[in-house]
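Here is the structure we will look at, set down as structure tokens.
The values are calculated or read from the model by the stated rules, or taken from the named source; none is laboratory data. Keep in mind it's a predicted model, so treat the numbers as computed, not measured. All Cβ positions, glycine included, derive from the backbone under ideal geometry; neighbour counts span all protein chains shown. Accessible surface areas use protein heavy atoms only, side chains included; no ligands, DNA or RNA. Shrake-Rupley method; radii C 1.70, N 1.55, O 1.52, S 1.80 Å.
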Amino acid sequence: MNSHDLANALPGHCLQWLVSSRLRFVNDMKEGKPLKYFSAHLPVMATWPQTTTTDQRYPVNMTVKGIGLIPRYDQLARYTAIFEEAAATSRTLTPSEGMVCCVEAMGRLYADESNFDPALLGGLEIFGGKTLENLTQNGYASLLYVGMQQGAGPMSYISFQVNGKIEILDTTNPHYRFLLASRKLFEHDKFHLYQPDYPHGYLIRVEEVIDKSPWSKLKKDT
């Protein structure tokens, strides 16, 4: 069962963009192509304290966070185990063979959009700074995604804001374990800054999605 009704969930085109973007990114890694900024994984997260004082002119904290899709709960343990096994196996292989092993594991999850809970997103906390401080006081946040959609036609742009309630995860939570396993698949690859540990995870329960995609006023007016 999903955690929310579909009214509080990512629209289909947003889910599809997140899925297709990650598949494209990991396949480019496997093929040795130059890596591009992974906008579908790196939204801007805005948080704010529960209360503000008159001397707080700028109470909103913004940061870029690595945020990903979360499997449905009935699939969570399965894909956590798949990712943990792939990460362990990859360390016994050559770098190129290990990369293929991890990409194939990620591809098994992302091959089917129905594997995901469209009402959940998640990520790991690394630094324990202002974001964690704000979320401890006020468990709500906004994410802003922006990127490009590639297809057979002209290039188009996508942008959307996700407003949601945040659950701070400790290291015993099964969602935290999945997030950690996802990170460890590629933690030693060149696009990641290696981190020794991750004190918390975040589960974002989608409450509202607002379309921010740009469009041509000329086309709309005509």
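So the values come out like this:
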item	result
Residue tally, condition in contact (Cβ under 8 Å) with a residue 60 or more places away in the chain, in a loop (DSSP other than H, G, I, E, B) and among the hydrophobic types (A, V, I, L, M, F, W, C), over the stretch 46-62	1
Per-region count, the stretch 85-129, residues open to solvent by less than 70 Å² (accessible area, probe 1.4 Å), over 30 Å from Tyr140 (Cα atoms) and either in contact with a Lys or Arg (Cβ under 8 Å, 6 or more places away or on another chain) or of a type in the set (Ser, Thr, Tyr) (or both)	8
Residue within the stretch 6-26 that is in contact with a Phe, Trp or Tyr (Cβ under 6 Å, 6 or more places away or on another chain) and open to solvent by 60 Å² or more (accessible area, probe 1.4 Å) present	no
Of all residues in the stretch 23-43 being in contact with a helix residue (DSSP H, G or I) (Cβ under 6 Å, 6 or more places away or on another chain) and assigned to a helix (DSSP H, G or I), the one that is nearest to Ile210 (Cα to Cα)	Leu23
Leu144, sole failed condition from (1) open to solvent by 60 Å² or more (accessible area, probe 1.4 Å); (2) of a type outside the set (Phe, Trp, Tyr); (3) touching an Asp or Glu at 6+ places or on another chain (Cβ under 8 Å)	(3)
Leading residue by the ranking (most open to solvent (accessible area, probe 1.4 Å)) among those in the stretch 33-62 that are more than 18 Å from Phe186 (Cα to Cα) and aliphatic (A, V, I, L, M)	Met62
Residues that are in a helix (DSSP H, G or I), touching a residue at least 40 places away in the same chain (Cβ under 8 Å) and surrounded by 14 or more Cβ atoms within 10 Å (Cβ to Cβ), drawn from the stretch 63-84	Tyr73, Gln75, Leu76, Tyr79, Thr80, Phe83, Glu84
Flag for Gly164 being modelled with pLDDT under 95 and either farther than 16 Å from Arg22 by Cβ or touching a helix residue (DSSP H, G or I) at 6+ places or on another chain (Cβ under 8 Å) (or both)	no
Hey, Phe186 modelled with pLDDT under 95 and among the hydrophobic types (A, V, I, L, M, F, W, C) or not	yes
